[in-house]
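Undergrad: Take this structure first; my questions come after.
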Amino acid sequence: MAVAVGSIVAFAAARLIRGLLFQVSATDPFTFIAAATGLLSVALLASYIPARRATRVDPMIARRGE
C-alpha cells in the first residue's frame, strides 16, 4: 500500500523537478519500477534478518526475560 501511495506522490513530484533530470523523462516507468523494487528489497531484508533471529529463541526463555 505504501509503495502505491509513494509512487503516486513521486509521479506528481517528478513533474516539479523535470528540469533537474538528466536524460530521463519525468515519468520513466523503468526508474519508478527500479526504485520501488530497490526499496522493497531493502525493507524485506531489514525485516527478515531480525525475524529469523527471533525464531531461534526458545519462547520460554524469552518469556522469562520479561
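The values are calculated or read from the model by the stated rules, or taken from the named source; none is laboratory data. Predicted model, so just to flag it, every value in this text is computed and none were measured. All Cβ positions, glycine included, derive from the backbone under ideal geometry; neighbour counts span all protein chains shown.
Undergrad: Of all the residues that make up the range 57-66, how many are loosely packed, with under 10 Cβ neighbours inside 10 Å and not in a helix (DSSP H, G or I)? Don't jump to the end; show me each part of the working.
TA: We begin by selecting, within the range 57-66, every residue loosely packed, with under 10 Cβ neighbours inside 10 Å; these are 58-61, 63-66.
Okay, now just the ones that are also not in a helix (DSSP H, G or I), so 58, 65-66.
Number satisfying all stated conditions: 3.
Undergrad: Anything in the range 26-56 that is at pLDDT below 85 and either of a type in the set (Lys, Arg) or part of a loop (DSSP other than H, G, I, E, B) (or both)? List them, or say none.
TA: ALA26, THR27, ASP28
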